[in-house]
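Trainee: For reference, the structure I am asking about is given below.
Every number in this text was worked out from the coordinates using simple rules, so none of it is lab data. Bear in mind that the values here come from a model prediction, so they are computed numbers and not experimental data. Note that each Cβ is placed from the backbone with ideal geometry, even for glycine, and that neighbours are counted across all protein chains shown.
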Amino acid sequence: MYSLPKNPDSVAETLSKHILADGFDLIFDMEKSNGVHIYDSKYNRTLLDFFTCFASVPLGYNHPKMLGDEAFKKSLMLAALTNPSNSDIYTTQYAQFLETFDRVGIPDYLPHAFFIAGGGLAIENALKAAMDWKVQKNFAKGHQTEKGHKVLHFEHAFHGRTGYTLSLTNTLPVKTRWFARFEWPRVSTPYVNYPLTDENMADLLQREAASVAQIRKAFADNPDEICAIIIEPVQSEGGDNHIRKEFAEQLRQLADEYEALLIYDEVQTGVGLSGKFWCHEHFGEKARPDIIAFGKKMQVCGILAGPRIDEVENNVFHVSSRINSTWGGNLVDMVRSAKIMEIIEEDNLCTSAAQTGNYLQQQLLKLAEKYPLINNVRGKGLLTAFDFPDQATRDHFIQKGLEHHVMFLGCSHRTIRFRPALIMKPEHIDEGLDVMEKILNNI
């Protein structure tokens, strides 16, 4: 008979025998956790969660619409017990998921879909789709050998830890050092420094122009070699760096001019956190992508692609086995994702994230006026962040947060990023801000 260890104190010891168990000092109790609060059975405490497992928990814990839906739970159990290979065996659950995704989350300008397990592997397949497209384009132009494998990307980017993505990720060196990588074109990221004063805007415009010049030089130095431009709508791991919609529009123009695909990495930014289902929607119609990669809050990972991919008739979405995997994502994740999207739609959680996120940003700005340690408050919806002067202060703040029963998440060297569940309300924000004030008063 299946049973769980009854003593939470034994968990860390058991794990440490075989893995590097250096995560949070707590034992997550999935049954007792509720809403926007995690229950830690090691110290018998409840913590307000601004972490959500690196932005992958969209509805918090034990959402009543999930717990109370017996048909959903039965479908979830059937999928978990069987775990069919979605790439070759089709189910009504798969169809229901895709029908829900089409209604709630698939834009009409991104009709092609592919599913896989893991955000890094979603990026891998976005790159493979772009390489396939560009190489075939080059053959049509008269090239006799394969050409078109390079990917233009940005400083401070995080796109994963898998094969191709190691050549793109450039946040902390420990994540890529000594692994084989390609020397693909890397350009500066003209991120916005807030508040956007005249001085900051003048500096930003100069940095945008410099980045565009670097992009043009990369294409000139690598004729017909670059298949794609890839960027996160907000660089998350790299410091919650925002770009202006005007710069995104320039990327769209450059991708068209140089016959490359524009890819947005929405693995962390997608599915409502920004106040829109996809963060790139903030950029408007003139900056629409050719491909997006998704994961985390979607539960299942994958890519969506638009009509430019069809400029090549035999693209990866039309040729069997060009891109594939055994489980084609994971049916358990798809069943859960369908229910989550249904709730997001029913409860208008994208709108709620926009409103609560605006409240969070306004309160942080007030806090920044009172405590000079806080600066560069920024955000789209609940996808919000601020900076401390240095890493030591930031890390101390995170540790004190845990001691006061709040889970904060850092990124880059000195940033605090907020990644709450979409169900978070202003009263939860106030709960977290009260703790922030207590900590700031003693730093």
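Trainee: Along Cα→Cβ, 7 Å out, is where each label goes; now give me the distance between the ones at Glu437 and Arg322 in nm to one decimal.
Mentor: In this crude label model, Glu437 to Arg322 measures out at 5.8 nm.
Trainee: Quote the relative contact order of the chain in percent (integer), defining contacts as alpha-carbon pairs under 8 Å separated by 6+ residues.
Mentor: Rounded, it is 21 percent for the chain.
Trainee: Something else now. Take the Cβ-Cβ distance between Asp198 and Asp108 as r, set R0 to 45 Å, and report the resulting FRET efficiency rounded to the nearest 0.05.
Mentor: Rounded to the nearest 0.05, the efficiency is 0.70.
Trainee: Using 0.36 nm per residue, how much length does the chain from Lys366 to Met1 gain when fully extended, once their Cα-Cα distance is taken away?
Mentor: This chain segment gains 125.9 nm when fully extended.
Trainee: Further, regarding this structure: How much space per residue, in cubic angstrom, does the convex hull of the C-alpha atoms of the chain take up?
Mentor: Convex hull volume per residue, Cα atoms: 157 Å³.
Trainee: Compute the Rg/Rh shape ratio of segment 312-368: radius of gyration over Kirkwood radius, all on alpha-carbon atoms.
Mentor: 1.30
Trainee: Taking the alpha carbon gyration tensor of segment 118-324, what are the square roots of 5 times its eigenvalues, largest first, to the nearest whole Å?
Mentor: Each semi-axis is √(5λ); the values are 26, 20, 17 Å.
Trainee: Sticking with this structure for a sec: What does the charge add up to near Ala140, with Lys and Arg as +1, Asp and Glu as -1, over the other residues with Cβ less than 15 Å from its Cβ?
Mentor: Net local charge, Ala140 excluded: -2.
Trainee: With Cβ to Cβ distances under 10 Å as the rule, what net charge do the other residues near Ala354 carry (K, R +1; D, E -1)?
Mentor: Net of charged neighbours comes to +2.
Trainee: Just Gln206, Gln214, Gln399 to compare: in a GNM of the chain, with alpha carbon springs under 10 Å, which one fluctuates most?
Mentor: Looking only at Gln206, Gln214, Gln399, the biggest GNM fluctuation is shown by Gln206.
Trainee: Next question. Run the reach check for Lys65 against aspartates and glutamates, Cα to Cα strictly under 15 Å, same-chain hits fewer than 8 apart removed. What comes back?
Mentor: The qualifying aspartates and glutamates are Glu342, Glu345, Glu346, Asp347.
Trainee: Also: Compute the length gained on full extension between Ile27 and Asp256: take 0.36 nm times their separation in residues and subtract their Cα-Cα distance, giving the result in nm to one decimal.
Mentor: Here the segment from Ile27 to Asp256 would lengthen by 77.5 nm.
Trainee: Here's a follow-up. What is the list of residues in segment 298-326 whose amide nitrogen lies under 17 Å from a point 7 angstrom out from the Cα of Leu98, following Cα to Cβ?
Mentor: Flagged as within label range: 300-306, 316-326.
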